[in-house]
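The values are calculated or read from the model by the stated rules, or taken from the named source; none is laboratory data. Remember, it's a predicted structure, so these values are computed and weren't measured experimentally. Backbone-built Cβ (ideal geometry, glycine too); neighbour counts: all protein chains shown.
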Amino acid sequence: MKPVALLICGALGTEVKAIVDDHGWHVDIYGVPALHHFYPKKIVQAVDRRLTELSTSYQRVVVVYGDCGTGGALEPVLERHGAVRLQGPHCYEMYAGAQEFERLSEEQPATFFLTDWLVRNFERAVVRGLGLDRYPDLRPIYFQNYTNCIYLAQLPTPALQDKAQEIARYLELPLEVRRVGYGELESRLSALLEAG
């Protein structure tokens, strides 16, 4: 039986792989599609299926997900399979850090957050995912309650920053860029892997 597998959200793939490489951890990485976030029940079902496959081949499985809108439904699945997951509601909170995200949520509750993954995949995940390519009149309805956009940048490039600016213009929101790196994603993952 192999020692450790990571079951990760596809939206965290690039970052988790980089963290694993930086630390020299010997783990196998498996993914669940990021677009399941549109239907959080699919996250639970996909994680359950993957854990069924992995739990017989690995001593430990670490699930690299927040709650991600599942309303706590991931927890019984993890318990049933003996898996653990990173703490936190979602990747925005992990990247910003718990205290900073709480402060932002209190001071700017109507913020639309971006990450490197969401900037790279905005057209596919948001525009096509929400049907805005077919029904552009829905854009102001979907985003009317947002007041600003914060790009929580992991490893920003000039191209990603330009794309984030383009997204903010599309959403008609002012943009703030915060270089957060891996934030607490790295420290939380380290705590789980190095504790085992």
* Residue under evaluation Gly82, criteria (1) surrounded by fewer than 16 Cβ atoms within 10 Å (Cβ to Cβ); (2) under 21 Å from Ala191 (Cα atoms); (3) touching a residue at least 40 places away in the same chain (Cβ under 8 Å), criterion not met -> (3)
* To do: List the helices (runs of 4 or more DSSP H) that sit entirely inside the stretch 109-173 and contain at least 2 residues that are touching a residue at least 12 places away in the same chain (Cβ under 8 Å) and touching a helix residue (DSSP H, G or I) at 6+ places or on another chain (Cβ under 7 Å).
  => 116-122, 158-171
* **Tally, over the stretch 28-56, of residues that are at pLDDT below 95 and polar (S, T, N, Q)** => 2
* Asked: Counting just the residues of the stretch 64-121 that are of a type in the set (Ser, Thr, Tyr) and over 18 Å from Leu12 (Cβ atoms), which one comes out modelled with the highest pLDDT?
  -> Thr111
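Can you confirm whether the stretch 52-61 contains a residue that is outside any loop (DSSP other than H, G, I, E, B) and under 28 Å from Val127 (Cα atoms)? Break it down stepwise before answering.
Applying the first criterion (outside any loop (DSSP other than H, G, I, E, B)) to the stretch 52-61 yields 52-54, 58-61.
The next check asks that each one be under 28 Å from Val127 (Cα atoms); those that pass are none.
Scanning the stretch 52-61 turns up no residue that is outside any loop (DSSP other than H, G, I, E, B) and under 28 Å from Val127 (Cα atoms).
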* Quick one: how many residues across the stretch 38-61 are under 15 Å from the mean Cα position of the chain (by Cα) and in contact (Cβ under 8 Å) with a residue 40 or more places away in the chain? -> 2
